[in-house]
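Asker: First, the structure itself, so that you have it in front of you.
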């Protein structure tokens, strides 16, 4: 696992508390960010004036008039902005909203939006804005020893070799590495990776695990081994260098 020490980037999350905002908060935490929740623009501005600083403002379309003047404030202080909307809300946006106000706009559906899409959007904004502290974060946060996850190509680099995965396989593998040592239940994986309730059946998870184990060559000699936990799910275990050396010496 990476030894790079990186401070989590601070994200201001602005919106009315609901399932979508809760899902966004949980996604940000799992991605390694530090979200601060604000239910109205005034509270966000007060926190900012009191000295709290943010690398990004992520907001939901819940009260458009309340946001009047907010894009200009963010541009002045170089805070990138990402507006998330649901499909039926696009018609509520003014013409050329993305150019006139927010830096980017994306669909966010609790059950369908992939975690890597949110990560890619955030990183693209940070790079465009040249936000302090963003350089190297993506690489550091998505590298575990010889395994480097590349969201732009939906692949994993391993010892100079690029391994191409399907989008589901990539997300599945990323969740395993982000939760090294933890037992991830099949039900949790179905919800997290497939954005689906367990109606798909646990066989879906087993098939994906088999493919990921083979493609990434997840075995003790390579530092990580993927284990099936009977009647529960899967665990990606890290094997230390000493343990690998001891096994080779046997």
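The values are calculated or read from the model by the stated rules, or taken from the named source; none is laboratory data. Since the structure is predicted, the reported quantities are computational estimates derived from the model, not experimental observations. A quick note on method: Cβ atoms are made from the backbone with ideal geometry, for glycine too, and the neighbour counts reach across all protein chains shown.
Asker: Determine whether the stretch 200-211 contains at least one residue that is closer than 21 Å to residue 30 by Cα and either touching a strand residue (DSSP E or B) at 6+ places or on another chain (Cβ under 9 Å) or at pLDDT below 90 (or both).
Answerer: Yes.
Asker: Cβ-Cβ distance below 6 Å, separation of 6 or more or different chains: which pairs start in the stretch 161-181 with a residue that is surrounded by fewer than 16 Cβ atoms within 10 Å (Cβ to Cβ) and end on one that is modelled with pLDDT of 90 or more and not in a helix (DSSP H, G or I)?
Answerer: 162/155; 164/155; 180/236; 180/238
Asker: While we're on this one: Taking the criterion of being closer than 23 Å to residue 177 by Cα and either assigned to a helix (DSSP H, G or I) or without any contact (Cβ under 8 Å) to a residue 60 or more places away in the chain (or both), would at least one residue in the stretch 31-42 satisfy it?
Answerer: Scanning the stretch 31-42 turns up at least one residue that is closer than 23 Å to residue 177 by Cα and either assigned to a helix (DSSP H, G or I) or without any contact (Cβ under 8 Å) to a residue 60 or more places away in the chain (or both).
Asker: Does residue 53 satisfy being over 25 Å from residue 19 (Cα atoms), part of a loop (DSSP other than H, G, I, E, B) and either modelled with pLDDT of 55 or more or in contact with a helix residue (DSSP H, G or I) (Cβ under 6 Å, 6 or more places away or on another chain) (or both)?
Answerer: Here the answer is yes, as residue 53 does meet what is asked.
Asker: List every residue pair whose Cβ atoms lie under 8 Å apart, where the two residues are 6 or more positions apart in sequence or sit on different chains, the first residue falls within the stretch 1-18 and is closer than 15 Å to residue 43 by Cβ, and the second residue, located anywhere, is surrounded by fewer than 21 Cβ atoms within 10 Å (Cβ to Cβ) and modelled with pLDDT under 70.
Answerer: Here the result reads 15/62; 16/62; 16/63, each pair linking the stretch 1-18 to a residue that is surrounded by fewer than 21 Cβ atoms within 10 Å (Cβ to Cβ) and modelled with pLDDT under 70.
Asker: Still on this structure, please answer the following. Would you check which residues across the stretch 140-175 are out of contact with any helix residue (DSSP H, G or I) (no Cβ under 7 Å at 6 or more places or on another chain), more than 17 Å from residue 219 (Cα to Cα), part of a loop (DSSP other than H, G, I, E, B) and at pLDDT 85 or above and list them?
Answerer: Correct list: 160, 166.
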